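Derivation of every value follows stated rules applied to the coordinates shown; laboratory data play no part. Note that the coordinates shown come from a computational prediction; the quantities given were computed from them, not determined experimentally. Glycine gets a Cβ as well: all are built from the backbone with ideal geometry, and neighbour counts include every protein chain shown.
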Amino acid sequence: MRPDPDCSLCPLCSGRTNIVLPDGNPAPGIILVGEAPGENEDLEGRPFVGRSGKILGAMMEEAGFDRSDVLITNTVKCRPPGNRDPTGEEMAACRPFLESELMDARVVVGLGKSACRDLMGYDGPMADVVNIPTTICVGDRDVPFIPTYHPAATIYNKNSRAELKRTMQILKGMME
Ligand code: URA
């Protein structure tokens, strides 16, 4: 299930250039969920092509895989103005599209607070949950879920960088 090209289910439609749909390979069932498209993603129509995407791609490469080995998506498919966090209402409006992307997932990774809020209903410090596997409900199924830091949160923080690298190693382990 994909948004209509003219989707206007939430107010984010008024500022978008492109709806940003998932990118990568759904077959292995490894799905990374970010927050929302930024400026570059809005312009190109692909998730994680800007600075955060470069960080994420480099960490995947270091762990021994490529972004084309996983599916990458976001909680909302349109860019929030000024890159603010998506609201609960915006995430709820986009949720049916995300649910359909996660339907066959083997593991879902929540990149950062917004993804963890949307998918786990968790609103506390990331440090308390990072890389601790849990499950989320997708349709009528419990799906393994790994909460971790958003790539942007690793830019000036060594610990979050180490944790996100660890997440990538966990995923690599699941591919073997
Ligand atoms: N940050 C996100 O959370 N998602 C993107 O697609 C780009 C940056």
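Residues whose amide H lies under 5 Å from that of Ile136, counting only those 5 or more places away or on a different chain, are Val143, Phe145; hydrogens are built 1.01 Å from N in the peptide plane. By the equivalent-ellipsoid construction on the alpha carbon gyration tensor, the chain comes out with semi-axes of 23, 18, 16 Å, ordered largest to smallest.
Shown here for segment 43-151: trypsin sites (Lys or Arg not before Pro) in loop regions (DSSP other than H, G, I, E, B) with at most 16 other Cβ atoms within 10 Å, namely Arg84, Arg106.
Only helices enter the 222 nm calculation for the chain: every DSSP H run of n ≥ 4 contributes -39,500 (n - 2.57), and dividing by all residues gives -10500 deg cm²/dmol, rounded to 500. Compared with the alpha-carbon gap, the fully stretched path from Met175 to Asp69 is longer by 37.3 nm at 0.36 nm per residue.
Note on the chain: dipole from Cβ charges, positive end direction compared against Leu21, Val129, Gly139; the farthest Cα belongs to Val129. Distances between placed amide hydrogens fall under 5 Å for Asn74 paired with Gly34, all partners being 5 or more residues away or on another chain.
Three principal axis extents describe the C-alpha atoms of segment 11-76; from largest down they are 39, 24, 16 Å. Bridging of Lys158 to aspartates and glutamates at a Cα separation below 20 Å is possible for Glu61, Glu62, Asp128, once same-chain residues fewer than 8 apart are set aside. Equivalent-ellipsoid semi-axes for segment 51-120 (Cα gyration tensor, √(5λ), whole Å, largest first): 23, 16, 10.
How charged is the neighbourhood of Asp142? Take every other residue with its Cβ under 15 Å from the Cβ of Asp142, and add Lys/Arg as +1 and Asp/Glu as -1. For residues surrounding Asp142, the net value is -1. Taking the Cα centre of segment 64-176 as reference, the dipole from Cβ charges on Lys and Arg (+1) and Asp and Glu (-1) amounts to some 480 debye. The charge dipole of segment 22-129, taken about its Cα centre with unit charges on the Cβ atoms of Lys, Arg (+1), Asp and Glu (-1) only, comes to about 80 debye. Of all DSSP bridge pairs formed entirely within segment 11-175, close to 35 percent run antiparallel.
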